[in-house]
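Let me begin by presenting the structure, written as structure tokens, before commenting on it.
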Amino acid sequence: MLPQPLPTEAQPTTISSLTYHTCVMSYATEDEPFVKKLYADLQARGVRCWLAEQDGKLGDKLRADIYQAIRQQDKLLLVLSQNAIESKWVEEEVDVALDREHQQPGLSLLFPIRLDQSIFTTEKYWAITVRQHLCWLLRASVRKNRHVVHD
């Protein structure tokens, strides 16, 4: 399967007063069955996603398309697993996303989804950065949902 065409705009889609963002899906080839199911579910709910099969057969053209998609879409949906941690493709995509976040302060591009616990045990530098990102997101979520009771 060839990469899906890029959505023309990176504007969130609104359905029934809920806002959905556009995304690029980053994953290891070994996790493709899960990713294809997630992709279909997101598309069915109106979330515009960009998905490329990463078999390397298309080389530099595919890489350029992926980098362009990461620069244009709202989120990089990062499917984390031991397979992803070992994937050079995923590492490069995370680097592009982190670079975009660095260039645009306040932007939160990474949206990690864990399939296993590998992100918490690896010593790969890029994965440690993602792990820190994950912890920051969890803390922010807890703060957002914390209710303060006043006497």
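The values are calculated or read from the model by the stated rules, or taken from the named source; none is laboratory data. What you see is a predicted model; the values in this text were computed from it and never measured. As a convention, Cβ positions derive from the backbone with ideal geometry for all residues, glycine included, and neighbour counts pool all protein chains shown.
Quick look at the numbers
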| quantity | calculated |
| --- | --- |
| Of all residues in the range 99-151 being in a loop (DSSP other than H, G, I, E, B), within 18 Å of the chain's Cα centre (by Cα) and among the polar types (S, T, N, Q), the one that is modelled with the lowest pLDDT | 108 |
| Residue among 86, 92, 101, 123 that alone is surrounded by fewer than 17 Cβ atoms within 10 Å (Cβ to Cβ), out of contact with any helix residue (DSSP H, G or I) (no Cβ under 7 Å at 6 or more places or on another chain) and under 19 Å from residue 138 (Cβ atoms) | 101 |
| Output for the range 60-88, where each listed residue is modelled with pLDDT of 90 or more and either touching a Lys or Arg at 6+ places or on another chain (Cβ under 8 Å) or of a type in the set (Gly, Ala, Ser) (or both) | 80, 81, 84, 85, 87 |
| Verdict on residue 32 being under 15 Å from residue 84 (Cα atoms), surrounded by fewer than 19 Cβ atoms within 10 Å (Cβ to Cβ) and either polar (S, T, N, Q) or at pLDDT below 75 (or both) | no |
| Condition check for residue 91: outside any helix (DSSP H, G or I) and at pLDDT 90 or above | no |
| Residue in the range 104-120 that is nearest to residue 28 (Cα to Cα), counting only those that are in contact with a Ser or Thr (Cβ under 7 Å, 6 or more places away or on another chain) and buried (at least 17 other Cβ atoms within 10 Å of the Cβ) | 115 |
| Contacts under 7 angstrom Cβ, first residue in the range 114-128 being within 11 Å of residue 82 (Cα to Cα) and basic (Lys, Arg), partner crowded, with 17+ Cβ neighbours inside 10 Å and at pLDDT 90 or above, 6 or more apart | 114/80 |
| Residues (in a helix (DSSP H, G or I) and either in contact with an Asp or Glu (Cβ under 8 Å, 6 or more places away or on another chain) or of a type in the set (D, E, K, R) (or both)) located in the range 22-50 | 29, 30, 31, 32, 36, 37, 41 |
| Selection from the range 67-88 of residues that are more than 15 Å from residue 28 (Cα to Cα), in a helix (DSSP H, G or I) and of a type in the set (D, E, K, R) | 71 |
